[in-house]
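Notes for the one structure printed next.
Quick note: the coordinates plus some simple rules give every number you see, no bench work behind them. Remember, predicted model here, so these are calculated numbers, not experimental data. Glycine gets a Cβ as well: all are built from the backbone with ideal geometry, and neighbour counts include every protein chain shown.
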Amino acid sequence: MNVLVTGAAGYIGSICSEFLLSRGYQVIALDNLQEGHAAAVPPAATFCRADLGIRSQIEEVFSHHKPDAVMHFAGEALVAKSVREPSTFYAANIAGGVNLLDAMIRHNVKKLIFSSTAATYGEPHTVPIPEDHSKSPINPYGKSKLRFEEILSDYRAYTGLHYATLRYFNAAGASAERGEAHRVETHLIPKVLDAALGLIPQLEIFGSDYPTPDGTCVRDYIHVLDIADSHVRALESIEKVSGEAFNVGNSRGFSILEVLDAAEGITGRKIPRKFSPRRPGDPAVLVASKEKLHRILGWQAQHSSLDEIITSAWTWKQKHPHGYSEAASR
Ligand SMILES: NC(=O)c1ccc[n+]([C@@H]2O[C@H](COP(=O)([O-])OP(=O)(O)OC[C@H]3O[C@@H](n4cnc5c(N)ncnc54)[C@H](O)[C@@H]3O)[C@@H](O)[C@H]2O)c1
């Protein structure tokens, strides 16, 4: 099967492409490289530099490569940027997504897996969070993802599209070949490792007075290879799960200080830290219920102990302290 992976030069898309190839799928890797890295795209994939904002470029990819299914990772994903520039998020995550759906319909491609997020829930009133929890996103990033989930449900009703939505919690970890290298890094584990390597002077911890055991925020970290596995399972059962949303998390939260302790143990280095006030819009605890993904798709996290997540990220970071080489071209 020929799978079009949008955002395939990004962190999760590149590792899912690698995973798909290892399972015998062919991969058409689409990315505009605004955030991703050409060197992250697996060599066995067919790379297409294209922008989801430009319908003619998407059309060309579909006409030439004739995908059978789509995994849609491309988009804007930085919460802080979404608060400053909401229109960028609505254009990329909603309008760009609609351009993709329209190309799928024109070319009779009926299978889609969509990358959504825990940010669609907003401030949770129940933890672990089940998929039917109320949705009150508190930033334009979460709102743009939730709107696109609603649009998908319309396309299913009117065009017969089969889709599944996967709402990841905190993606983390690395494969042997690929890891996390955002141009502006906001995620905890790569920042902790940057501090361990001395690439940043210290880790800034936002808030020490949350109602959690040690006062710092608690998050649910899920290994990117377990995310990749959830995608393949959803694709392989797409007609059975069409229209469904699944959390992708480990149902186990760790505080920032717990992550720091584990990282100091694994790296053998002292990680300097500094406490700052809370940031607006950071819930105290975000932990997924993973029950539905297990019950319906038989998924079980295989790589998501905190030790394995940090060890894999640290191994990759030591080999690539400054991320991917931008010299690579395809
Ligand atoms: N990283 C996480 O913890 C996390 C959590 C929940 C959900 N998600 C979602 O997973 C997806 C992937 O996240 P990531 O961390 O790999 O992000 P990323 O920024 O590393 O990857 C996104 C990729 O999309 C590409 N892209 C952006 N706009 C595009 C456009 N208009 N046309 C073509 N390509 C475009 C970028 O160049 C980049 O390579 C995103 O949709 C994100 O919202 C991520």
Do the sum for the chain: with -39,500 (n - 2.57) for every DSSP H run of n ≥ 4, divided by all residues, what is the mean residue ellipticity at 222 nm, to the nearest 500 deg cm²/dmol? -11000 deg cm²/dmol
If I build a Gaussian network model for the chain, linking alpha-carbon pairs within less than 10 angstrom, which residue out of F62, F114, F246 has the largest mean-square fluctuation? F62
Net charge, R233 excluded, C-beta distance under 14 Å - Lys, Arg +1, Asp, Glu -1: +1
May I ask what percent, to the nearest 5, of DSSP beta bridges between residues of the chain are antiparallel? 5 percent
Just to be sure I understand: with springs between alpha-carbon atoms less than 10 Å apart, which residue in D214, D51, D31 has the highest mean-square fluctuation in the Gaussian network model of the chain? D214
Just to confirm a number: summing +1 for Lys and Arg and -1 for Asp and Glu over residues other than G249 whose beta-carbon lies under 10 angstrom from that of G249, what do you get? +2
Just to be sure I understand: with springs between alpha-carbon atoms less than 10 Å apart, which residue in F47, F73, F275 has the highest mean-square fluctuation in the Gaussian network model of the chain? F275
Violating pairs (Cα-Cα greater than 29 angstrom) within the set K290/K319; K292/K319; K240/K317; K111/K145; K111/K290: K290/K319; K292/K319; K240/K317
In a shell of Cβ-Cβ distance under 10 Å around L286, excluding L286 itself, what net charge do Lys and Arg (+1) and Asp and Glu (-1) give? -2
Antiparallel content of DSSP bridges confined to segment 165-289, in %, to 5: 15 percent
